[in-house]
Amino acid sequence: MVKRIIGLTGGISTGKTTVSNYLANAWTLPILDADIYAREAVQLGSPVLAKLVERYSSSVLLADGKLNRQSLGAIIFSDSVERQWLEQQIHPYVRDRFQSELATLVAPTVVLVVPLLFEAKMTDLVTEIWVVSCTRQQQLRRLEERDRLPSEQAIARIDSQLPLPEKIAGADVVLNNSSTPADLLKQVDLALGSLHSA
C-alpha cells in the first residue's frame, strides 16, 4: 500500500527532470510520469489522435501517421482555447493511468511527476506537493537552450502554465533550483529525510 504520494511539479524548465531522476536513481523511488502517459494518449491509433486529426486535419501528422508535435505545439501555445481543448482530451487518460498504477504499486513512497498538477486538478491524487522553482530569467534561458526556441516562443510556453508563485503558494515543499545542481539535490535529501521521519 502506498502511504506517501509526492506530486512533483513546477514550471517548464525549472528542473523537475533533475529531481525525478535523482529520486529514481539515488533513492530508488518509483516514478510515474504524466508526460509519458500524455504521449501514450496521442500514440498512433489512439482515439485522442483521431480527435486531433478531426479538429486540425492531417496537418498535425507526420508522414508515418504519428503526431507532429511541432505542428501541434504551434497551434496550442498560441491559442489558449485550443490548449484547453487539447488538455480536456489528454488529462482524463493521464489521471486514469495514474490511478491504475497507484492501485497496483507496492511501495511506501511513490513520485508522480505532473507538470500541470494544479492546472489539471490532479492534486487530489497526491499526499504532498513539491514545487521546483527558479527565477523567471533562469527558466527562460534554460528553455531557450534546451528546446532551441526563440524568446517569444519560450515566453509563450512559460506563460501557458499557472504562474510559478501560485504553484509555490500551494506547495508543501519548495525546491529552489536557482543555485547549483548539488544544492538542489541537497534540498531533495532534506525534504525526503524530514518527511521520512515525520
Can you give me the angle between helix 181-196 and the longest principal axis of the chain, using Cα atoms only, in degrees from 0 to 90, rounded to the nearest 10?
70
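Given the -39500 (n - 2.57) contribution per DSSP H run of 4+ residues, what per-residue ellipticity at 222 nm results for the chain, rounded to the nearest 500 deg cm²/dmol? Can you show the working numbers first?
Values: 9 runs with 104 residues, N = 198.
Helix contribution divided over all residues of the chain: -16000 deg cm²/dmol.
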Have a look at Thr18, Ile158, Ala50 and report the one farthest towards the positive end of the charge dipole of the chain, computed about the Cα centre with Cβ charges (Lys/Arg +1, Asp/Glu -1).
Thr18
Treating the beta-carbon of each Lys and Arg as +1 and of each Asp and Glu as -1, no other charges, what is the dipole magnitude of the chain about its Cα centre, to the nearest 20 debye?
160
Rg/Rh for the chain, where both radii come from Cα atoms and Rh is the Kirkwood radius:
0.97
For Lys3, counting only lysines whose alpha-carbon sits under 26 Å away and dropping same-chain residues fewer than eight positions off, the answer is Lys16, Lys121, Lys167, Lys186
Given the C-alpha centroids of the stretch 101-153 and the stretch 61-100, what is the distance between them in whole angstrom?
17
P(r) of the stretch 35-104 over all Cα-Cα pairs, 10 Å bins starting at 0, rounded to whole percent, reads 20, 54, 21, 6
Residue (of Leu62, Pro108, Ile90) at the positive-pole extreme of the stretch 55-126, dipole from beta-carbon charges:
Leu62
Measuring from the longest principal axis of the C-alpha atoms of the chain, the long axis of helix 16-25 (C-alpha) lies at a number of degrees, nearest 10, equal to 60
In degrees, nearest 10, the alpha-carbon axis of helix 47-56 is tilted away from the dominant principal axis of the alpha carbons of the chain by 50
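Quick note: the coordinates plus some simple rules give every number you see, no bench work behind them. Please read all numbers here as calculations on a predicted model, not as lab measurements. Positions of Cβ are generated from backbone atoms using ideal geometry, with glycine treated the same way; all protein chains shown enter the neighbour counts.
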